[in-house]
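Inspection log for the structure reproduced underneath, given as structure tokens.
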Amino acid sequence: MPSRTLHTQRLVLEAASPAHVDGLWAAQEVSLPELIRYMPWAPTASRRTTETYVETMVRRWNDATDWAFTVFHEDTVAGSISLMGYEALSDLAEIGYWMRSDLTGRGLMTEAAAAIVDFGFQEIRCHRLELLAAVDNIGSIRVAEKLGFSREGRLREANRAPATGGRHDMYAFGLLVHEWPRA
Ligand SMILES: CC(C)(COP(=O)(O)OP(=O)(O)OC[C@H]1O[C@@H](n2cnc3c(N)ncnc32)[C@H](O)[C@@H]1OP(=O)(O)O)[C@@H](O)C(=O)NCCC(=O)NCCS
């Protein structure tokens, strides 16, 4: 069974659970101006959609397709990170995340994502991890680069840009198991 709790130097990552809904919504609510730039779900986010999200992720954890973790920093919800879209036939999955706005720029998401990379390679036995970031999302691009992901291509208009009503081109990043020192 995959670990339900992961520890890093400054963070605890816990498998998303209904007990996290209020904390997740509080973290989203204060971060909406930033989240709306890149997360298609942000314009309609509410406590109710957060509850539905958690229910979905609990089901998907049990189906072994997605593993969503709530990120805690000093006992408070700081964000969310997932290994998602696991393809058993090709041993690959994608990493997605967001961090509460008043905690960004401290290396925390890089720390959380390193734990998820360990989880993906060591526990789920992925061969390849993928990460998509809008071409102007410098923070997310830096997270991928700091972890050693390679930028492999540009996906045209691959995601909604909710703040403008347009679409983002996305950089596709990939990391292979033999490129990760702790695999
Ligand atoms: C992207 C996001 C998760 C990054 O979280 P974070 O905790 O700030 O990440 P880290 O601190 O580990 O790393 C961010 C890096 O980007 C850099 N960065 C962020 N914005 C930057 C900017 N405008 N110009 C230059 N560098 C920037 C930071 O300095 C840091 O790099 P460094 O450690 O080399 O200095 C967070 O900003 C966020 O949640 N954004 C909104 C949602 C989102 O975009 N999710 C990802 C979708 S792919």
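The values are calculated or read from the model by the stated rules, or taken from the named source; none is laboratory data. Computed from a predicted structure; not experimentally measured. Every residue, glycine among them, receives a Cβ derived from its backbone with ideal geometry; neighbour counts consider all protein chains shown.
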Candidate set from region 133-145 (those that are within 6 Å of the ligand (Cβ to nearest atom) and of a type outside the set (Gly, Ala, Ser)); member that is surrounded by the fewest Cβ atoms within 10 Å (Cβ to Cβ): Ile138
Pair list, Cβ under 6 Å, 6 or more apart: region 6-19 residue within 17 Å of Val58 (Cα to Cα), other residue outside any loop (DSSP other than H, G, I, E, B) and β-branched (Val, Ile, Thr): Leu13/Val71; Glu14/Thr5; Glu14/Thr70; Ala16/Val54; Ala16/Thr70; Pro18/Val54
Qualifying residue in region 51-60 (condition: in contact with a helix residue (DSSP H, G or I) (Cβ under 8 Å, 6 or more places away or on another chain) and more than 26 Å from Glu87 (Cα to Cα)): no
Among the residues listed as Ser31, Ser17, the single one being modelled with pLDDT of 95 or more, among the polar types (S, T, N, Q) and within 15 Å of the ligand (Cβ to nearest atom): Ser31
Output for region 82-106, where each listed residue is more than 17 Å from Tyr38 (Cα to Cα), touching a helix residue (DSSP H, G or I) at 6+ places or on another chain (Cβ under 9 Å) and among the basic types (Lys, Arg): none
Complete set of residues in region 47-73 that are touching a residue at least 60 places away in the same chain (Cβ under 8 Å) and farther than 14 Å from Ala15 by Cα: His73
Qualifying positions in region 118-136 - closer than 19 Å to Gly85 by Cβ and in contact with a Phe, Trp or Tyr (Cβ under 6 Å, 6 or more places away or on another chain): Phe121, Leu131, Ala133, Ala134
Complete set of residues in region 147-161 that are within 18 Å of the chain's Cα centre (by Cα) and closer than 21 Å to Leu35 by Cβ: Ala158, Asn159, Arg160, Ala161
Candidates Ala78, Ala93 - the one that is more than 23 Å from Pro18 (Cβ to Cβ) and aliphatic (A, V, I, L, M): Ala93
Qualifying strands (runs of 3 or more DSSP E) (wholly inside region 75-183; at least 2 residues being under 21 Å from Val30 (Cβ atoms) and touching a residue at least 12 places away in the same chain (Cβ under 8 Å)): 76-87, 92-99
